[in-house]
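Okay, so here's the structure we're looking at.
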């Protein structure tokens, strides 16, 4: 539930008054309870956009018809309900017109009038999706299938997850070629990590992202990760797919006992090579999709004096910055490994 209150300053003291509650469930807006309008029910479509508003008796109050990009089709459909296109908060400005509306998508504003974001995507594009290099497009120009919960990355309503902030899960409805509808609950995460062979990117709870140079496995003559060696033990990089780690299980060299530190100098024990090989922090990864021949328990994220690993994600001297940015209050962080 999200609550709206109003603060007033009079005679040097503040007073607070309740105005409205928004009730959410399974990632979609369900109802509103206002100080003046009372309880109202809302009906959303498969993207989470509000299409119908009714009172507590079921009487229709407003039908919010939009085009695929979220623009109100008729000025008469403008309504004071601000959670609109895909459930985002709309700045409606004047209620008698729609061309000046903007949707607040956390990292950026979106303009339904033009079907574009008002600023560039800070995550940039990917070579595997050429259309993503247009940093103003919304949902890969397919608004009937994709949504963008944070204004950072598109979210596949068909089931593929990406980072979003406002809710733990969303209810996704897909329709197959025979018209059969299937509802799936897709979970979202407060923090995510991705690795493309060259960079590790951390998406944080506030919607911001930060990246560091990283490598994995045996590098080529130009110092690049060799994705084609994924299946080669002790040489190839961590295989593509989804992995995860628990921030509370991050290991620190400072916590290692004296015997372990001595063994590390002779390249023995659990920290063979010590900080030169591992950096001062590391965390072991859990395989979630990998089922190949390599030992899935042998991969970690770590630092070190220089790039070079048997397959782990190696941040070298960037390790301290990465681990310093990870939110250790969480218990689960998904990691997506995807090479261009």
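The values are calculated or read from the model by the stated rules, or taken from the named source; none is laboratory data. Keep in mind it's a predicted model, so treat the numbers as computed, not measured. Here the Cβ positions follow ideal geometry from the backbone for every residue, glycine too, while neighbour counts run over all protein chains shown.
General observations
- Taken over the stretch 231-247, residues that are surrounded by fewer than 17 Cβ atoms within 10 Å (Cβ to Cβ) and in contact with a helix residue (DSSP H, G or I) (Cβ under 8 Å, 6 or more places away or on another chain) amount to 1.
- Extreme residue, surrounded by the most Cβ atoms within 10 Å (Cβ to Cβ), among residues of the stretch 248-272 that are touching a helix residue (DSSP H, G or I) at 6+ places or on another chain (Cβ under 7 Å) and free of Cβ contacts under 8 Å to residues at least 24 places away in the same chain: 271
Conditions (1) buried (at least 17 other Cβ atoms within 10 Å of the Cβ); (2) at pLDDT 85 or above; (3) out of contact with any strand residue (DSSP E or B) (no Cβ under 8 Å at 6 or more places or on another chain), marked per residue:
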position: 7; (1), (2), (3): no, no, no
position: 27; (1), (2), (3): yes, no, no
position: 32; (1), (2), (3): yes, yes, no
position: 42; (1), (2), (3): yes, yes, no
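- Whichever residue in the stretch 219-229 is touching a residue at least 40 places away in the same chain (Cβ under 8 Å) and surrounded by 15 or more Cβ atoms within 10 Å (Cβ to Cβ) and, among such residues, is nearest to residue 200 (Cα to Cα): 225
- Count of residues meeting criterion [at pLDDT 90 or above, buried (at least 17 other Cβ atoms within 10 Å of the Cβ) and in a strand (DSSP E or B)] in the stretch 178-210: 2
- Which listed residue is farther than 30 Å from residue 109 by Cα and either in the same structural domain as residue 105 (by TED's automatic domain parsing) or at pLDDT below 90 (or both), from 218, 240, 260, 288: 288
- Scanning the stretch 231-252 for residues that are out of contact with any strand residue (DSSP E or B) (no Cβ under 9 Å at 6 or more places or on another chain) and in a loop (DSSP other than H, G, I, E, B) turns up 231, 232, 233, 234, 235.
- Taken over the stretch 90-112, the criterion of being more than 18 Å from the chain's Cα centre (by Cα), assigned to a loop (DSSP other than H, G, I, E, B), surrounded by 15 or more Cβ atoms within 10 Å (Cβ to Cβ) and at pLDDT 75 or above is satisfied by 92, 101, 112.
- On inspection, residue 53 qualifies as modelled with pLDDT of 85 or more, closer than 27 Å to residue 145 by Cα, surrounded by 13 or more Cβ atoms within 10 Å (Cβ to Cβ) and more than 28 Å from the chain's Cα centre (by Cα).
- Residues of the stretch 2-45 classified as at negative phi and in a loop (DSSP other than H, G, I, E, B), total: 4
- Test: residue in the stretch 274-294 that is in contact with a helix residue (DSSP H, G or I) (Cβ under 8 Å, 6 or more places away or on another chain), assigned to a loop (DSSP other than H, G, I, E, B) and without any contact (Cβ under 8 Å) to a residue 24 or more places away in the chain: yes
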